[in-house]
Protein chains: 2
Amino acid sequence: MPFGKPRAERADAVRNREHLLKTAREMLAECGADKVTMDGLAERACLGKGTVFRHFGTRAGIFRALLDADERRFQEQVLSGPPPLGPGAEPIDRLIAYGRARIAYLLDHHVIARAALHRNQPAPVGDPSVTQLHIRVLLQQGAPMPNIAGIAIQLTAALEGPLLLYLSRPDTDEDEPAEIYALLADAWQTLVERLTR
Amino acid sequence: MPFGKPRAERADAVRNREHLLKTAREMLAECGADKVTMDGLAERACLGKGTVFRHFGTRAGIFRALLDADERRFQEQVLSGPPPLGPGAEPIDRLIAYGRARIAYLLDHHVIARAALHRNQPAPVGDPSVTQLHIRVLLQQGAPMPNIAGIAIQLTAALEGPLLLYLSRPDTDEDEPAEIYALLADAWQTLVERLTR
DNA sequence: AGCATAAACGGACTTTACCCCGCTTCATAG
DNA sequence: CTATGAAGCGGGGTAAAGTCCGTTTATGCT
């Protein structure tokens with residue numbers, strides 16, 4: 001049986017990973033993202049450093065793993081939650097709702113998301129196979145136009161770029177998060193409405 | 001004379017910085033971005049490590065400095081070059097030209113730009129005070145609309161996001177740069193045209 | 001249960017960014 | 001021309017990321 005079953009993951013490995021994630025979340029809450037170090041995490045979790053690397057590969061991998069759970073929940077809302085975010089509403093309305101929800105999500109998670117960014121690796125959010133595809137499909141349904149693929153790339157960046165690239169120091173910005181949210185969410189709506197008119 | 005003259009920069013410092021930048025460019029061309037290390041650069045330039053840090057502050061600072069010269073040249077083209085990129089054309093045409101030129105610029109520089117990205121620091125390109133402002137002004141002139149500020153943020157991200165966030169491994173992508181350019185540049189044009197209609 | 005095997009673990013080791021502080025050198029005033 | 005003080009320089013030191021490999025342990029089979 002060479003390929004069929006790659007032999008299920010070992011129980012202790014699962015336990016350890018969960019424990020590491022829990023510990024990481026604690027450290028994150030207590031001291032902030034850049035106090036979460038590989039050595040520190042290993043020690044606090046009472047595990048070897050090698051184990052941490054085995055599970056996450058890189059420091060950014062920890063944050064990617066932390067994002068993953070929430071990201072999954074978010075995508076679930078999109079795929080099967082109530083409209084207009086979930087299925088059932090008009091495509092354009094869903095697109096607007098998607099952007100608003102996504103901006104809120106990224107504002108909540110932008111510290112982690114930013115920490116998940118890593119040299120020589122694509123961005124940890126807006127994985128082309130999910131966010132971008134979703135935008136593309138909705139756009140196609142609601143307002144067919146030439147070069148949908150390119151537009152979808154750019155709309156994805158329009159959503160996720162600001163929070164990954166520019167708002168990296170929310171504490172030093174005097175703007176309240178709520179104001180930033182309103183600014184970007186309204187801009188997104190305007191953008192989509194005018195684009196698909 | 002407490003404030004008027006902060007005492008001009010020392011000649012040897014200028015010489016050293018220039019030499020460091022030159023050496024960095026060489027190493028970059030020969031071995032790629034992540035072979036450019038602080039120690040390596042210092043040694044090759046026959047200078048102390050401390051000197052490198054004094055000039056650039058952080059590893060990313062080197063790349064930021066490398067970008068700076070080209071960025072300045074780029075902005076010059078925009079501010080006083082021939083239309084439609086420079087002044088003289090219709091605002092919307094300038095906006096389209098700006099995007100196309102910017103995408104080409106970022107494709108050329110995306111390895112450096114990516115390397116200039118740094119923990120806890122805003123993105124090294126698309127500095128709000130330049131790119132974003134320019135987009136905002138052109139948009140205002142060519143197609144006034146509500147929430148220009150937000151839209152400008154998102155258009156900036158739409159331009160710069162893809163190249164910083166997603167296309168981080170151009171060698172592993174089977175697409176030719178020329179195709180990527182065409183895809184994004186055309187998408188930008190479509191985006192702007194439909195947005196300002 | 002006992003065994004074989006691959007997966008998981010641990011922690012020493014290497015590399016690299018970044019800090020620090022005593023020493024040197026330049027630029028300016030007298 | 002020399003003194004002086006601030007800017008610049010150097011390189012050793014620290015901490016954290018990431019690698020490696022010998023050891024341990026869970027699991028599936030007999």
| request: About the Cα centre of the protein assembly as shown, how large is the charge dipole given +1 on each Lys and Arg Cβ and -1 on each Asp and Glu Cβ? Please answer in debye to the nearest 20. | output: 880 debye
| note | Judged on accessible area alone, 1.4 Å probe, highest first, B:117, B:164, A:133 line up as A:133, B:117, B:164
| task | Measure off, as a whole percent, the carbon and sulfur share of the 1.4 Å-probe accessible area of region B:59-196, all protein chains present. | result | 53 percent
| query | So what are the three principal axis dimensions of region B:1-57 from its Cα atoms, in whole Å, longest to shortest? | reply | 47, 17, 17
| task | Over the protein assembly as shown, consider all pairs of different Cα atoms and compute the Kirkwood hydrodynamic radius from their mean reciprocal separation; express it in Å, one decimal. | result | 23.1 Å
| In sequence order, what are the phi-derived ³J(HN,Hα) couplings for region A:158-163 according to the Karplus relation 6.51 cos²θ - 1.76 cosθ + 1.60 with θ = phi - 60°, rounded to whole Hz, with x for glycine and proline? | 4, 6, 9, x, x, 7
| Length released on extending from residue A:193 to residue A:8, taking residue separation times 0.36 nm less the Cα-Cα span | 61.8 nm
| field | Cα-Cα pairs of chain B separated by more than 25 Å (percent) | value | 46 percent
| query | What is the magnitude of the charge dipole of region B:53-166 about its Cα centre, with +1 placed on the Cβ of each Lys and Arg, -1 on the Cβ of each Asp and Glu, and no other charges, expressed in debye to the nearest 20? | reply | 380 debye
| field | 1.4 Å probe accessible area per residue over region B:44-148, in Å² | value | 46 Å²
| query | So how strong a dipole does chain B carry about its Cα centre when Lys and Arg Cβ are +1 and Asp and Glu Cβ are -1, to the nearest 20 debye? | reply | 1040 debye
| note | Relative to chain A, whose Cα atoms define the longest principal axis, helix A:133-142 and its Cα axis are tilted in degrees, nearest 10, by 20 degrees
| field | Top positive-direction residue, dipole computed over the protein assembly as shown with Cβ charges, set B:55, A:112, A:96 | value | B:55
| request: Please compute how much accessible surface disappears when B pairs with A, both sides summed, using a 1.4 Å probe, and round it to the nearest 100 Å². | output: 3800 Å²
| field | Pseudo-label separations to other copies for residue B:179 - Cα-to-Cβ vector, 7 Å, nm | value | 4.6
| Quick one: in chain B, whose Cβ comes closest to the B/A rotation axis, and how close in angstrom? | B:161, 2
| request: From largest accessible area down, sort B:118, A:55; use a 1.4 Å probe on the protein chains. | output: B:118, A:55
| query | Mind checking Rg over Rh on region A:71-147, alpha carbons, Kirkwood formula for Rh? | reply | 1.01
| field | Nearest-10 value in Å² for the accessible area of residue A:186, using the 1.4 Å probe | value | 70 Å²
| Too-long pairs where the Cα-Cα distance tops 31 Å, listed order kept, from A:49/B:22; A:49/B:35; A:35/B:49 | A:49/B:22
| query | So for the protein assembly as shown, taking the charge dipole from beta-carbon charges (+1 Lys/Arg, -1 Asp/Glu), which of A:181, A:195, B:83 sits furthest toward the positive end? | reply | A:181
| said: In whole Hz and in residue order, list the ³J(HN,Hα) couplings for region B:68-81 that follow from phi through the Karplus curve 6.51 cos²θ - 1.76 cosθ + 1.60, θ = phi - 60°; x for Gly and Pro. | reply: 3, 4, 5, 4, 4, 4, 4, 5, 5, 4, 5, 7, 8, x
| request: Note the distances from residue B:82 to each other copy's matching label point, with points 7 Å along the Cα-to-beta-carbon direction, in nm, sorted shortest first. | output: 6.0
| field | Helical contribution to [θ] at 222 nm, DSSP H n ≥ 4, -39,500 (n - 2.57), averaged over chain B, rounded to 500 | value | -21500 deg cm²/dmol
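The values are calculated or read from the model by the stated rules, or taken from the named source; none is laboratory data. Keep in mind it's a predicted model, so treat the numbers as computed, not measured. Neighbour counts are summed over all protein chains in view; Cβ atoms, including those assigned to glycine, are modelled from backbone coordinates with ideal geometry. Each accessible area value is taken on the protein alone, full model and side chains, heavy atoms only, with ligands, DNA and RNA left out. Shrake-Rupley method; radii C 1.70, N 1.55, O 1.52, S 1.80 Å.
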